[in-house]
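Values in this text are rule-based calculations from the coordinates and carry no lab data. These figures come from a predicted structure and were not determined experimentally. Please note: Cβ atoms are built from the backbone with ideal geometry, for glycine as well, and neighbour counts cover all protein chains shown.
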Amino acid sequence: MEEPALPPSVHETNRRVFGAELGAEDVVDRILRDVRTDGDAAVRRYNEDLDGVRAPDVPLEVPQAEIKAAYGEVDAALVEALRFAAGRIRAFHEMQLGHASKSFLRDGLGQVVRPIQRVGLYIPGNQVIYPSTLLMLAVPARVAGVEELIVVTPARPDGSVAPLKLVAADIARVDRVFRAGGVQGIGALAYGTESVPPVHKICGPGNIFVTIAKKKLFGKVGIDGIFGPSETLVIADAGADARLVAVDMLAGAEHDELATAVLITDSPELAKRVSAIVDAEIGTLKRAEAAQISLDARGGAVIAASLDEALELASDYAAEHVCLHVRDADKYIDRIRNGGCIFAGDYSVESIGDYTAGPSHVMPTGGSAKFSSPLGVHDFLKVTSIVNISKETAREIGPAGAQIGHAEGLTGHARAIESRLDE
């Protein structure tokens, strides 16, 4: 969650773009200032300087014709897989909505629950494309009833947006897509530009620069949360399948170099078997280098004295993903007090949760699962309180209120109440 040491390649980019050695916060401040002042021109300039987009004549907004054409560039089976995932995500969040806060009015008091009108979604990535994240953000927003969904996402050097993103956006019924990556995209959503309308809330994960921008803009717009690198915590007993544990660890580590994948077990023998399988299979991954760096820096196995201690450690760590590779796993769900999502049992694969289980995979990280929740329909709803009491009720509850007003020295408050009592 804190500002990390930036790699040499990022320092070189900062010197080239800004003419100075700037830290991440200084970079964010400059980009947000420029977007607020110069609008589209600043977004285009940073798209080119930071994302390498060399397409000055391409509009920031992706037209519907380009979105429709994207279907022809994506394998038909993959399109159907995205539609299947969207259906599963929609079904879960419709079920969730049925259990969410509801509007009510009782004895003159109540609340109205309404969807946020316009939400901006940030979808990262060009080297790695995340259509699943787009579905996991947009579908719950649609279920909640958000009126307008705006996506900003990095474009490729020729100005195009990856067809897979556009197909996912269309399946999720996103209204508009804009070519604006990183901080300039976040700033455009917050301030609005000639092309990008300002939104009421921004949702979606990103790199350290996007995270800092969201933190700085909180209050100007709503923010879903501050998301750090992905975390996978596996709890396994002596009877766990070592290969299933190992592949779950590898899946967690391949997210990126800053990801965390940790095993907690009461069996030293299992830890050794898992380690050997990880070493044997890591080289077969397409993102082997990222997974290896992740595991070398942040991975490992913790040997607990007992399963009880393992569960206590897991609750204290409060990981984004908690995988239970233990006998009768469902019996231990209540023992994990803190976690973004609990995957109980061999077949409750974290990776299915990333794509087609249903709950959103946008979840709290960095220990924030102790006080926050996965993204869901509640993130796109807001509550307005209602006071609609009768004269009789005002006379019943007003005198105490007036007395408190006088005690606080707010005589205007007290008189406003008393004027009703004298009628």
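Strands (runs of 3 or more DSSP E) wholly in region 68-146 with at least 3 residues that are closer than 30 Å to ASN47 by Cα and in contact with a helix residue (DSSP H, G or I) (Cβ under 8 Å, 6 or more places away or on another chain) - which ones?
Because the criterion is at least 3 residues that are closer than 30 Å to ASN47 by Cα and in contact with a helix residue (DSSP H, G or I) (Cβ under 8 Å, 6 or more places away or on another chain), the strands (runs of 3 or more DSSP E) in region 68-146 that meet it are 118-122.
Every residue in region 353-389 that is assigned to a loop (DSSP other than H, G, I, E, B) and of a type in the set (Ser, Thr, Tyr), please.
THR356, SER360, THR365, SER372, SER373
For a quick check of your reading: which helices (runs of 4 or more DSSP H) sit entirely within region 197-306 and have at least 2 residues that are under 25 Å from the mean Cα position of the chain (by Cα) and either of a type in the set (Asp, Glu) or surrounded by 20 or more Cβ atoms within 10 Å (Cβ to Cβ) (or both)?
208-217, 242-253, 288-298
If I filter region 98-127 down to residues being free of Cβ contacts under 8 Å to residues at least 60 places away in the same chain and either within 30 Å of LYS165 (Cα to Cα) or within 16 Å of the chain's Cα centre (by Cα) (or both), which single residue comes out as surrounded by the most Cβ atoms within 10 Å (Cβ to Cβ)?
In this case the residue turns out to be GLY125.
Restricting attention to region 404-423, report how many residues are surrounded by 12 or more Cβ atoms within 10 Å (Cβ to Cβ) and of a type in the set (Gly, Ala, Ser).
3
Testing LYS382 on (1) closer than 30 Å to SER351 by Cα; (2) in contact with a Lys or Arg (Cβ under 7 Å, 6 or more places away or on another chain), one condition comes back false. Which one is that?
Of (1) closer than 30 Å to SER351 by Cα; (2) in contact with a Lys or Arg (Cβ under 7 Å, 6 or more places away or on another chain), only one is false for LYS382: (1).
Would you tally the residues in region 390-423 being in contact with a helix residue (DSSP H, G or I) (Cβ under 8 Å, 6 or more places away or on another chain) and part of a loop (DSSP other than H, G, I, E, B)?
Residues flagged as in contact with a helix residue (DSSP H, G or I) (Cβ under 8 Å, 6 or more places away or on another chain) and part of a loop (DSSP other than H, G, I, E, B) within region 390-423 amount to 1.
Tally up the residues in region 313-338 that are surrounded by 13 or more Cβ atoms within 10 Å (Cβ to Cβ) and within 20 Å of THR365 (Cβ to Cβ), please.
Going through region 313-338 one residue at a time, the tally reaches 14.
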